[in-house]
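Colleague: Got a structure for you, questions after.
Computed from the coordinates by the stated procedures, all read-outs in this text should not be read as laboratory data. It should be emphasised that the depicted structure is a prediction, and the values quoted were computed from it without experimental measurement. Using ideal geometry, Cβ is built from the backbone for each residue, glycine included, and neighbour counts are taken over all protein chains shown.
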Amino acid sequence: MSLHVYNTLGRKKNDFVPLKQGQINFFVCGPTVYDYAHIGHGRSYVVYDVIVKYLRSLGFTVRYVQNITDVDDKIIVRAAEEKKTAKEIAEHYEKTYHEDMLALGVTAVTKYARATNYISEIINQIERLIKTGHAYLATDGVYFDISSFLEYGKLSNQKLEELKVQRIEPNPAKKNLGDFSLWKKHKQGEPSWDSQFGKGRPGWHIEDTAITETEFGSQYDVHGGGMDLIFPHHEAEIAQMEALSGKPLAKYWLHNGFLQVNGEKMSKSLKNFTTIRDSLKKFPAAALRYFFLSTHYRSPINYTDEGLRAAANAVERLNETIHLLKLVNEKNDEETHSKINDEIQSLQKKFTTAMNDDFETSRALGAVFEFVRTLNSSIATKSLDIANAREALGVLKNYNEILGVMNFKDEQLSSEQKSLIEEREVARKKKDWTLADTLRKKLLDTGILVEDAGNRSTWKRV
Ligand SMILES: [Zn+2]
């Protein structure tokens, strides 16, 4: 099956065909840097990280751009609260955002585009919108006239007539109640830039289209973000760019579902607000990724400690198998028994089918687990030879490049632990059970549990 993705624009699954063969321009709304990123952000960015890595594994060249909103009302408010400048706040939380993403293994982004680096492009876009009659000057800045763009509402499935009377950003000087801000006139103490329509700062929506027009041109392949951004944010992006270009802004609109905490919406007032860094103090990053990927990206996900613990256990089971496969690797006295080609082919088929069906990561993880279970039973019956084990490790490693839920780092044993294990092997072969037992206890004191199965012994950390 070829790749199918659910497109919010049109609300159905479409065959995925990029504008230019083999190349994908991919944009996802980045954070407004005024606070630590929360686990809702974590879900969203892990999802797009996996999607982009999967697309690359299919052979596409993906240019993945994410904006950083570093000028915004929320940043200004926070700066006033903390008696700092808006720039200081933005710089600090941009830094912590990158730290959090790195900790979560989110590494697919090609370019992080800071809004304040695109001010002249933003001003230029607003100028063109004014010139073509899509934007107008009001007492407190520049607004987009939604009645000038007849398709306004097409992404969120709303009628223009209704949207015209829907009140956003209250201001009696606006033509329609639903007109949105492109440029906010300077107020004392706020960051500002000079422009032909007065000193001020950009509205939120115009940042993204200025960035994407600069990076990709007026059209690109995929725009992603949380479902809460469909209206007005993404609707506004479409209006701004399509009013100028007359062409569809993005071919595919992907939106991930909400994250709830214990069945409730996450909010500061409900005191169930969890940052990525707080969550990472309790659970390993791989567990968080596993947890996010165990639900389809468009479905809501409920964050509970129980769910995270289950994910941590699943990750541990995967890592245990990897560890055992490496131990098979180390032994050179195995005989060849089974071939795992069939299992590998079956995994490949199931994984690809799942991911090609609108990125069904939960089913893809299921296929990996099925494979791992087969490996476990082959290891238990000692029917896996070195070549098989190496091949299995290679396959798992490849899928982990996309998923990022397994650990392939070599467990480092100290030289003391290594020699204890060797001594114990010798004692066992000599059937000196007393010595073997003493050495086993010594190893346990250093955190290594040795387990015997038949004529072979394995170890793991406890
Ligand atoms: Zn955005």
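Colleague: Would you mind checking the tilt of helix 39-57 against the longest principal axis of the Cα atoms of the chain, expressed as 0 to 90 degrees and rounded to 10?
Modeller: 70
Colleague: May I pose another question? To test your reading of the geometry: what angle, between 0 and 90 degrees and rounded to tens, separates the Cα axis of helix 341-356 from the longest principal axis of the chain?
Modeller: 20
Colleague: Evaluate E = 1/(1 + (r/R0)^6) for Asn313 and Ala103, where r is the Cβ-Cβ distance and R0 equals 30 Å; express this FRET efficiency to the nearest 0.05. Don't skip to the answer; put the middle values down first.
Modeller: Values: r = 20 Å, r/R0 = 0.68.
In this case the efficiency is close to 0.90.
Colleague: Right, next: Report the local net charge at Tyr297: Lys and Arg +1, Asp and Glu -1, summed over other residues whose C-beta lies under 13 Å from its C-beta. List each step's numbers first, then the result.
Modeller: Numbers: positive: Arg43, Arg289, Arg298, Arg363; negative: Asp49, Asp357, Asp358, Glu360.
Local charge sum for Tyr297: 0.
Colleague: When Lys and Arg each count +1 and Asp and Glu each count -1, what net charge do the other residues less than 14 Å away from Val5, Cβ to Cβ, add up to?
Modeller: Working: positive: Arg11, Lys12, Lys13, Lys251, Arg298; negative: Asp15, Asp221, Asp357, Asp358, Glu360.
Taking every other residue near Val5 into account, the sum is 0.
Colleague: In nm, what is the difference between 0.36 nm times the number of residues separating Val77 and Trp193 and their Cα-Cα distance?
Modeller: Values: separation 116, 0.36 × 116 = 41.76 nm, distance 1.86 nm.
Separation in residues times 0.36 nm, less the Cα-Cα distance, equals 39.9 nm.
Colleague: Considering only C-alpha atoms, what is the centroid distance from the stretch 394-417 to the stretch 216-251, in Å?
Modeller: 40
Colleague: Now, a different point. Going 7 Å from the Cα of Thr353 toward and past its Cβ, which residues in the stretch 1-24 have a backbone nitrogen under 15 Å from where you end up?
Modeller: Those under the cut-off are 1-4.
Colleague: Sort Lys185, Lys83, Lys174, Lys430 so the one with the fewest other Cβ atoms within 10 Å of its own Cβ comes first. It would help to have the intermediate numbers written out before the result.
Modeller: Working: Lys185 18, Lys83 7, Lys174 22, Lys430 10.
Sorted ascending by nearby Cβ count, the order is Lys83, Lys430, Lys185, Lys174.
Colleague: Relative contact order of the chain, please, whole-number percent, based on alpha carbon pairs below 8 angstrom and at least 6 residues apart.
Modeller: On the way: 713 pairs, mean separation 69.4, N = 462.
Normalised by residue count, the contact order of the chain is 15 percent.
Colleague: Here's another thing I want to ask about it. Shape verdict for the stretch 55-123, please, from the Cα gyration tensor: rounded (a/c under 1.5), prolate (a/b greater than b/c) or oblate.
Modeller: Details: a/c = 4.12, a/b = 1.72, b/c = 2.39.
Oblate is the answer for the stretch 55-123, as a/c is 1.5 or above yet b/c matches or exceeds a/b.
Colleague: On a C-alpha basis, how far is the centre of the stretch 22-58 from the centre of the stretch 255-311 in Å? Whole number, if you could?
Modeller: First find each Cα centre; the distance between them is then 16 Å.
Colleague: Another question about this same structure. Going by how many other beta carbons lie within 10 Å of each one, how would you line up Trp193, Trp253, fewest first? Don't skip to the answer; put the middle values down first.
Modeller: On the way: Trp193 16, Trp253 23.
Ranking Trp193, Trp253 by Cβ neighbours within 10 Å, fewest first, gives Trp193, Trp253.
Colleague: Okay, next question. 7 Å from Cα along Cα→Cβ at both Thr304 and Leu150: what's the point-to-point distance in nm?
Modeller: If labels sit at Thr304 and Leu150, their model points lie 5.1 nm apart.
Colleague: Another question about this same structure. Add -39500 (n - 2.57) for each DSSP H run of 4 or more in the chain, then divide by its residues: what number comes out at 222 nm, to the nearest 500 deg cm²/dmol?
Modeller: Calculated mean residue ellipticity at 222 nm is -15000 deg cm²/dmol.
Colleague: For Asp432 and Lys281, what is the calculated FRET efficiency with R₀ set at 45 Å and r taken between the beta-carbons, to the nearest 0.05? Could you put the intermediate results ahead of the total?
Modeller: Values: r = 45 Å, r/R0 = 1.01.
Here the calculated transfer efficiency is 0.50.
Colleague: Quick one: angle between helix 415-429 and the longest Cα principal axis of the chain, in degrees between 0 and 90, rounded to 10, please.
Modeller: Relative to the chain, helix 415-429 is tipped by roughly 40 degrees.
Colleague: If you don't mind, another one. Taking other Cβ within 10 Å of each residue's Cβ, how do Thr110, Thr212, Thr116 sort, fewest first? Mind dumping the intermediate values first?
Modeller: Numbers: Thr110 14, Thr212 24, Thr116 18.
Exposure proxy ranking, most exposed first: Thr110, Thr116, Thr212.
Colleague: Based on the Cβ-Cβ distance from Leu19 to Asp410, what FRET efficiency comes out when R0 is 41 Å, to the nearest 0.05?
Modeller: Values: r = 43 Å, r/R0 = 1.05.
The pair Leu19/Asp410 has a calculated efficiency of 0.40.
Colleague: What distance in nm separates the two pseudo spin-label positions at Arg373 and Val165, each 7 Å out from Cα along the beta-carbon direction?
Modeller: 5.8
Colleague: Treat each spin label as a single point 7 Å out from the Cα along the C-beta direction, and report the Leu177 to Ser269 distance in nm.
Modeller: If labels sit at Leu177 and Ser269, their model points lie 2.2 nm apart.
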